[in-house]
Amino acid sequence: MTWIVRNLWLIPALPLLAAALSALAHRRHRLFAASAAIGSMTLSLLLCLIAFAEVLRLVSQEHIARLPFNFDWFQVGSEWLKLGWVLDPLTAVMLVMVSFVGLLIFIYSVGYMAHDDNFTRFFCFLSLFAGAMLGLVIANSLLLLFICWEIVGLTSYLLIGFWYQKPSAASAAKKAFITTRIGDLAFLLGMVWLYSQAGTLLFYNYGAGCLEQAALMKLVTQTTSLGIAASTGIALLIFCGAIGKSGQVPLHVWLPDAMEGPTPVSALIHAATMVAAGVFLVARAYPLMAAHGGGLGLSLASAPALKVVTWVGAITAVFAASIAVAQDDIKRILAYSTVSQLGYMMLGLGVGGVAVGMFHLITHAFFKALLFMGAGSVIHGCHEEQSIRRMGGLRKLMPITFATYAVGMLALCGFPLLFSGFWSKDAILHAASTWGVSRTPFYLATLGVLLTAFYMTRQVLYVFFGESRRPEAHATSPHESPGIMTLPLVILAGCSVLLGLIGTPAWPWFSAFINGQHARFELRGFAESGVLTVMFSSTAVLLIGLGIGWLLYSNRLNAESASPDAFEQFSPSLFNLLRNGWFVDTFYGATFVRSAAWFSDACDWLDRWVFNGMIHLISRLTLGASRLSRSTDAFAVNRTFDQSCRGAALSGRLLSRLQRGRVQSYLQIIGIAFAGFVLFLIWGHHG
Amino acid sequence: MITVSYTAILQLLLPEMILVVTALLVLAVDLPISRTAQTRTRFTIGAVISAIGCIGAIAQIVRVPQQANLFDGTLVIGPEIQLIQVAILALTVLIVAMAVGSSFTSHVGEYLAVALFATVGMMLLVSTVNILLIFLSLELLSLSLYVLAAFNKLSSHSAEAALKYFLFGGTSAAFLLFGLSLLYGLSNSTNLVQIAHAIKNQPLDPFLAVAMVMIVLGFGFKVAAVPFHFWAPDVYEGAPANSAALISSSAKVAGFIIFYQVMVIGFAGAEGSSDWGRYTAGWVPVVAVVAALSMVLGNLVAIAQTSVRRLLAYSAIAHAGYILLALVSHTEQSFVALLYYAITYAMTLIGAFGVISIVEEQAGGEKLSDFAGLSRRAPILSLCMLIFMLSLGGIPPLAGFFGKFLLFASTLSAGQHTLGLLWLVALAIAMSTVSLYYYLQVLKRIYIAEPASETGPIQVPIARQVVLCAIALSILLLGCAPNLFLTWLRQPIRIAHF
């Protein structure tokens, strides 16, 4: 076991330390907070790269590409609760991605938050988030993962509500916390169930972990009263946690609202890393997800849990993309797009395995972080304006932002060959097209590609092309952002292009790496059945989407910001439906929130009238009893006591009269006492 | 006649001799500087020498454990006696330390020398079972105390108190001597053990009864038990505070111990019984009556006092009543309880008199009203007084509480019949409840009452402050961890089979 495996804990510990230090720092120690956060993140990134290199070395030397390190935490009864971390390709890839994107966003934040009073607090939360996220990634125990999972949930809450003075931010934070908590409850149940069945929460423990052969065999053979295997039940419960965290239907409602947070937060937490934690969880627990009666992961199509993952992913991908079409807020469009892309990742995990889903996770993290930071740059440049209807013409004013944003947009749409999104999305589509159960997810995913191309075209046209539609009130014109913000954009744009190279069908290095194998370069990969067909068809669909967007919006660029949207003119009712997100929020408000409010009213009534009434009754009775006892005390006991006290004082005064100060009388008393005692003894003896 | 080498006797009496030499040294040192130096300085020098002498004596006792019984009980030395001597010496150290910086008399050398002679009297008193030597050393002690009480020659109170003390003491000494001679007549021996042997199987004849009552009277005077207590309030009030501390602390400890020894050893077999409803004539019922009277009278009269010294005098009478319970039960356990109680009580009183002396010097009196608002004027002093008063009242976790607990528990478990002495213990507990009233009266003045308007902070001499704090701390410590002291007490007593 090498140094890096034993000391993998340092990676999350460093940002946590930075968070602790800046939590103690005074508000005005801005430079300290920022440098602690960035410095710790840089060190973490270096350690992550060392870990990555270590995994590369292990894979190339044909070792087992997974090194767990476990330790005892505390004793429960006779059992030791163990925690630990694990280094494998999945961890290594995530580590590098999280720390790299995180570092870039930290640097970007220095510029973005420069004018905020609570700069120090912001970096404290960011560091805490980074530490927890990295801890989540290295966790080798479902419990440790859950702990980190909850901490990232907490930091998400804190950062969405960072501007808590705004009511919308405060309520968005609350909504995010409560919504994800629903999923977490199921996750917790699944974890408890897993512990009761497998007796351990360690993922890998040299054959004794809960994701290893022995435990899985046991879980698969146990059937619950519902008729499904225990493994399926547990997997579905854990997946509920992922649904909440990754904003999958039906718990996606919090993620668009979470855009109330500062834009770097949206980029880091609600696009690149935290929301991907749900996807990572499914990837981490993949052996459990894929376990089913017919064997372990022999045929993915027949694992019931993965079927659910697939369908949820496919539906989310299309559903969220359709809502994005009709949004005006630049960040909300990207938020729905994120939900949609997370759906693609789930779909990829469901139909194609860990590598397919994870590849899209990694590429998406880069280009979505790029898009969010580009959006942040736009918002920053336009003086906190977020509506795309009131932008326009920024292409010339913000050239770097425009160029990088365009790269991100093309990557997100999956523009052929050059952009990473193309390769990762295509891998998903190809896997979906060959799924044995149904071809519907493939069709849905293709429809999603069309919608994605359409809404991104709409957004880019509105923001960067045409003339400015900004209200006249704004005196200053938009400006390009400072270098500290544009530099990360450029770096991310480069990554968004280059990352595609490691996952082409000709050189599937990424999937080979995830599976601990060697990749070989051969063009034959393209010749595999269906690969080229899927590529061409998806490219065609993409071009159709771009074309429709261009047709609808390019000739209306200079219209007034208040005039109706082109799509709205085309079909007002559909536009309204999509604009309101299929009225899911309204539906939740009318059903769950309403019923919860009704239930809390009922509880309040019960509390106020029934329980309080009983308490009042009891308190009245007690008061009555105490009054009774007080009067007994006052008239019977106290009077007696006072009298005896008076008696004591009186007798004291009387007795002190004995002490007259005359020695003669004292001696007389002694004589009397002597006679008295002698008589007492003698009389007593005879008597 | 048994031949004993005189060097052996000298060695056995080395601690006492150290004290005598120290006393002479104090006199000698004080003489040349008496004209030139200030009284306070002379007191400081003399007190330091005396304290060193006492500590030297303690060191000698601790260093050379002795075990001897010379001349048929005339001189008895053993671990338990050495332990008591160490305790008496330690109390004397505290008392002379409290004298540092005093100025109540100009006869500094004489004062300290007499105090040391009194200590020698106490040490001899506890190390003999011969009634003659008991009487002699008791007289050495008493005469020293009369002189000490009179030392404040400028105060008519002091002279009056000393005279009363002397008259009273003389009368009771006469009673005691008469009682002892009757005892000798009955048994033809001066050794307590042999006396007990002689009177054991005789019926309680009138002579024995008279002797018994006379001896109880004599010692009852010494420990200030009702109805032989009349000297106490006057002496406590009139004597210099330092003398009062000596009279009420180490002299009391020695008095109780010799009372216990004479009654328990000398009258073994003539105890009688004071169990409820099972009265049998003997010394125990007499002591029980004395104890009960002391508790009732001491506590009740203390309520009516306006002088803190008189209040402490009556409280001392009450405490004598509690301590006499140990004689009534006279088991090994109750002797341990007696020692624990008497020693911690003595420490508390030394502290209380220390506080009183400071208040007298600074506020001009020791009436309750002089203590008003003391907490604002001298917070540390007040805190010490709080601990002393609460300990006297028997509030946990202070030593006074644990002493009472030990005493009452050993009394309850003694008795010839189960719970036979419950009546006495119940009375004692009821009376200690009453006692809280007047202790809290003192504290109420200190903590709640407003100080007189023109008064400022009190200057507390640093040496006395340190000693007071040490006493207060050890009272707290002994109450919290009584086993520290108890194991130290129990071991030699178990060996000696009292």
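The values are calculated or read from the model by the stated rules, or taken from the named source; none is laboratory data. Model, not experiment: these values are computed from the prediction. Because the Cβ atoms are built from the backbone with ideal geometry, glycine has one as well, and the counts that use them run over all protein chains shown.
Which ranges mark the helices (runs of 4 or more DSSP H) fully within the stretch B:345-422 that have 3 or more residues being in contact (Cβ under 8 Å) with a residue 40 or more places away in the chain and closer than 25 Å to B:N152 by Cβ?
Working: elements: B:374-377, B:379-393, B:399-413.
Result: B:379-393.
Of the residues that sit in the stretch A:382-410 and are of a type in the set (G, A, S) and under 29 Å from the mean Cα position of the chain (by Cα), which one is farthest from A:K425 (Cα to Cα)?
A:S387
How about the stretch B:248-261: which of its residues are in a helix (DSSP H, G or I) and either farther than 20 Å from B:L311 by Cβ or among the polar types (S, T, N, Q) (or both)? Let's see the steps before the verdict.
Taking the stretch B:248-261 first, the residues in a helix (DSSP H, G or I) are B:248, B:250-261.
If the condition is that a residue be in a helix (DSSP H, G or I) and either farther than 20 Å from B:L311 by Cβ or among the polar types (S, T, N, Q) (or both), then B:S248, B:S250, B:V253, B:A254, B:G255, B:F256, B:I257, B:I258, B:F259, B:Y260, B:Q261 are the ones that fit.
Could you grab me the full set of residues in the stretch B:305-315 that are part of a helix (DSSP H, G or I) and within 14 Å of another protein chain (Cβ to nearest Cβ)? Even if it seems obvious, please write down each step before you answer.
Within the stretch B:305-315, the first condition is being part of a helix (DSSP H, G or I), and the residues that meet it are B:308-315.
Residues satisfying the conditions are B:R309, B:R310, B:L311, B:A313, B:Y314, B:S315.
Only one of (1) surrounded by 22 or more Cβ atoms within 10 Å (Cβ to Cβ); (2) more than 14 Å from every other protein chain (Cβ to nearest Cβ); (3) more than 11 Å from the chain's Cα centre (by Cα); (4) not hydrophobic (A, V, I, L, M, F, W, C) fails for B:Q333. Which number is that?
Result: B:Q333 fails condition (1) only.
Residues to consider are B:L180, B:L217, B:L186, B:L192; find the one that is modelled with pLDDT of 90 or more and more than 11 Å from chain A (Cβ to nearest Cβ).
None of the others qualify; the one that does is B:L180.
Looking for whichever is of a type in the set (G, A, S) and farther than 23 Å from A:L306 by Cα here; the options are A:S420, A:S438, A:S424. Which one fits? Full working, then the answer.
Working: A:S438 fails: farther than 23 Å from A:L306 by Cα; A:S424 fails: farther than 23 Å from A:L306 by Cα.
One residue alone meets the criteria, A:S420.
Has the stretch B:199-210 got any residue that is surrounded by 16 or more Cβ atoms within 10 Å (Cβ to Cβ), touching a Gly at 6+ places or on another chain (Cβ under 9 Å), more than 10 Å from chain A (Cβ to nearest Cβ) and more than 24 Å from B:L246 (Cβ to Cβ)?
yes
Restricting to the stretch B:222-247, give me the number of residues that are crowded, with 24+ Cβ neighbours inside 10 Å, more than 8 Å from every other protein chain (Cβ to nearest Cβ) and in a helix (DSSP H, G or I).
Adding up the residues that qualify gives 13.
Consider only pairs whose beta carbons are under 6 Å apart and that are at least six residues apart or on different chains; among these, list those whose first residue lies in the stretch A:670-681 and is facing another protein chain (nearest Cβ under 7 Å) and whose second residue is assigned to a helix (DSSP H, G or I) and among the small types (G, A, S).
A:V678/B:A209; A:L681/B:A209
Enumerate the helices (runs of 4 or more DSSP H) found wholly within the stretch A:369-478, keeping only those where 3 or more residues are buried (at least 24 other Cβ atoms within 10 Å of the Cβ).
Numbers: elements: A:394-397, A:399-413, A:420-433, A:440-464.
Of the helices (runs of 4 or more DSSP H) lying wholly inside the stretch A:369-478, those with at least 3 residues that are buried (at least 24 other Cβ atoms within 10 Å of the Cβ) span A:399-413, A:420-433, A:440-464.
Quick check on the stretch A:623-633. Is at least one of its residues more than 9 Å from every other protein chain (Cβ to nearest Cβ) and within 30 Å of B:V301 (Cβ to Cβ)?
Within the stretch A:623-633 (the criterion being more than 9 Å from every other protein chain (Cβ to nearest Cβ) and within 30 Å of B:V301 (Cβ to Cβ)), the answer is yes, since at least one residue qualifies.
Looking only at the stretch A:512-526, count every residue that is outside any loop (DSSP other than H, G, I, E, B) and surrounded by fewer than 20 Cβ atoms within 10 Å (Cβ to Cβ) and tell me the total. Before the answer, list the steps.
First pass over the stretch A:512-526, keeping only residues outside any loop (DSSP other than H, G, I, E, B): A:512-514, A:524-526.
In the following step, the residues that additionally are surrounded by fewer than 20 Cβ atoms within 10 Å (Cβ to Cβ) were identified as A:512, A:524-526.
Of the residues in that region, 4 qualify.
Can you name every residue in the stretch B:259-309 that is modelled with pLDDT under 90 and charged (D, E, K, R)?
B:E271, B:D275, B:R278
Going by the structure shown, is A:A214 farther than 20 Å from A:I323 by Cβ and surrounded by fewer than 21 Cβ atoms within 10 Å (Cβ to Cβ)? Reasoning before the result, please.
Working: farther than 20 Å from A:I323 by Cβ: yes; surrounded by fewer than 21 Cβ atoms within 10 Å (Cβ to Cβ): yes.
When the stated conditions are applied, A:A214 passes them.
Residues are listed down the side, and each one gets a yes or a no for (1) over 25 Å from B:Y146 (Cβ atoms); (2) among the hydrophobic types (A, V, I, L, M, F, W, C); (3) touching a residue at least 12 places away in the same chain (Cβ under 8 Å):
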residue	(1), (2), (3)
B:Y260	no, no, yes
B:A270	yes, yes, yes
B:S274	yes, no, yes
B:A291	yes, yes, yes
B:S294	no, no, yes
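Of all the residues that make up the stretch B:446-455, how many are surrounded by fewer than 21 Cβ atoms within 10 Å (Cβ to Cβ) and touching a helix residue (DSSP H, G or I) at 6+ places or on another chain (Cβ under 7 Å)? Talk me through it step by step, then tell me what you get.
Within the stretch B:446-455, the first condition is being surrounded by fewer than 21 Cβ atoms within 10 Å (Cβ to Cβ), and the residues that meet it are B:447-455.
Applying the additional criterion that residues be touching a helix residue (DSSP H, G or I) at 6+ places or on another chain (Cβ under 7 Å) yields B:447, B:451, B:455.
Number of matching residues: 3.
Looking only at the stretch B:262-274, filter to residues that are among the aliphatic types (A, V, I, L, M) and in a helix (DSSP H, G or I); which one of those is farthest from the other protein chains (Cβ to nearest Cβ)? Outline the logic, then answer.
We begin by selecting, within the stretch B:262-274, every residue among the aliphatic types (A, V, I, L, M); these are B:262-265, B:268, B:270.
If we keep only those that are in a helix (DSSP H, G or I) too, we end up with B:262-265.
On the way: B:V262: 16, B:M263: 14, B:V264: 18, B:I265: 20 Å.
For the stretch B:262-274, the residue satisfying everything is B:I265.
How many of the residues making up the stretch A:29-78 are free of Cβ contacts under 8 Å to residues at least 12 places away in the same chain and acidic (D, E)?
Of the residues in that region, 2 qualify.
List, please: which pairs have Cβ atoms under 7 Å, are six or more places apart or on different chains, and start with a residue in the stretch B:439-460 that is outside any loop (DSSP other than H, G, I, E, B) and end with one that is of a type in the set (V, I, T)?
These pairs meet every condition: B:V442/B:V308.
This table checks each residue for (1) modelled with pLDDT under 90; (2) under 14 Å from A:T316 (Cα atoms).
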| residue | (1), (2) |
| --- | --- |
| A:F239 | no, no |
| A:L255 | no, yes |
| A:E260 | yes, no |
| A:I269 | yes, no |
| A:A277 | no, no |
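Right, B:S137: hydroxyl-bearing (S, T, Y) and over 19 Å from B:L327 (Cβ atoms) or not?
Working: hydroxyl-bearing (S, T, Y): yes; over 19 Å from B:L327 (Cβ atoms): yes.
Answer is yes for this residue.
Within the stretch B:275-304, how many residues are in a loop (DSSP other than H, G, I, E, B) and more than 11 Å from every other protein chain (Cβ to nearest Cβ)?
Looking only at the stretch B:275-304, we keep the residues that are in a loop (DSSP other than H, G, I, E, B), and these are B:275-279, B:281-282, B:304.
After this cut, where a residue has to be more than 11 Å from every other protein chain (Cβ to nearest Cβ) as well, the list is B:275-278.
Counting residues in the stretch B:275-304 that are in a loop (DSSP other than H, G, I, E, B) and more than 11 Å from every other protein chain (Cβ to nearest Cβ) gives 4.
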